[in-house]
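Working notes, structure below.
The values are calculated or read from the model by the stated rules, or taken from the named source; none is laboratory data. Remember, predicted model here, so these are calculated numbers, not experimental data. All Cβ positions, even for glycine, are placed from backbone atoms using ideal geometry, and neighbour counts span all protein chains on display.
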Amino acid sequence: MKIISAEFVTSAVGPKQFPEDDRPQVAFSGRSNVGKSSLINAFLNRKSLVKTSATPGKTQLLNFFLINNEFYCVDLPGYGYAKAPRSVVDAWAPMIEGYIKDSPQIRVVVVLLDIRREPDERDRRLIDWLAHYGVPALFVLTKADKLKRGEMAQARQSIAKKLGLAGLPLLTSVKTGQGIVELKSEIAKRLNQQPEPVTVS
Ligand code: GTP
Ligand code: MG
């Protein structure tokens, strides 16, 4: 899958503002500061299409990006940011659940988990919604560069076990580029598109 164009389309709080066409959608979800916006930029080969921030709680709306005029990438608001205003904290659950429930165009939700953290009850809740509404999930660990190789493997096993995953989550880092090719190829598969050929030199 070659990214030819990527453009911001709209920010939404609820279904009335979602794009109305039936192009497939790939959404990125996970706690605040886990690296959703950064991973979308890496996936799209764009430096700063999506705003990232060292301060958690940057993305508070659902942001839709149209890719190749063919599918949407959706940056979902993060959860679990303790200092977020009450209104934002309260809005998170209905916003995300509403999106998952009302969007048959979703092909996959990429569930991001920080490799250094134990999954918490909000991660669990997200995963339960996906199962409940029959939406496929793709589990991705972010910030792999923060751990040594051995710790990385251990954290991967332990998170998979904790969440009862069938397979191991993908290891990624936007700093080193680890796992980005695999991520692209997994997403292309879910969109029924040809992945980019992997060239071995
Ligand atoms: P919210 O929009 O607040 O929910 O955050 P987000 O999940 O979109 O996170 P964002 O992409 O803004 O990244 C948060 C911080 O983590 C930024 O300072 C990023 O530079 C950093 N970050 C993201 N991915 C990685 C990674 O793979 N490795 C390292 N070391 N830092 C990362
Ligand atoms: Mg963000």
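Here are a few things to note about the model shown:
- Residue in region 2-47 that is farthest from the chain's Cα centre (by Cα), counting only those that are within 12 Å of ligand 2 (Cβ to nearest atom) and β-branched (Val, Ile, Thr): VAL34
- Subset of region 33-54 [among the aliphatic types (A, V, I, L, M), near ligand 1 (Cβ under 6 Å from one of its atoms) and at pLDDT 85 or above]: VAL34
- Some residue of region 9-28 being in contact with a Pro (Cβ under 7 Å, 6 or more places away or on another chain) and at pLDDT below 90: no
- A single entry from LEU76, LEU66 fulfils the requirement of being at pLDDT 95 or above and under 16 Å from PRO19 (Cβ atoms): LEU66.
- Residue among ARG116, ARG156 that is among the basic types (Lys, Arg), more than 20 Å from LEU44 (Cα to Cα), part of a loop (DSSP other than H, G, I, E, B) and out of contact with any Gly (no Cβ under 6 Å at 6 or more places or on another chain): ARG116
- SER173 fulfils the conditions (1) of a type outside the set (A, V, I, L, M, F, W, C); (2) assigned to a helix (DSSP H, G or I); (3) crowded, with 19+ Cβ neighbours inside 10 Å except for a single criterion, (2).
- Whichever residue in region 133-151 is within 18 Å of GLY30 (Cβ to Cβ) and part of a helix (DSSP H, G or I) and, among such residues, is nearest to the chain's Cα centre (by Cα): ALA144
- Filter result (in contact with an Asp or Glu (Cβ under 8 Å, 6 or more places away or on another chain) and over 14 Å from GLU118 (Cα atoms)) within region 147-171: LEU170
- SER11 touching a helix residue (DSSP H, G or I) at 6+ places or on another chain (Cβ under 9 Å), farther than 21 Å from VAL135 by Cα and within 16 Å of ligand 1 (Cβ to nearest atom): yes
- Residues in region 23-43 that are surrounded by fewer than 23 Cβ atoms within 10 Å (Cβ to Cβ) and in a loop (DSSP other than H, G, I, E, B): ARG23, PRO24, ASN33.
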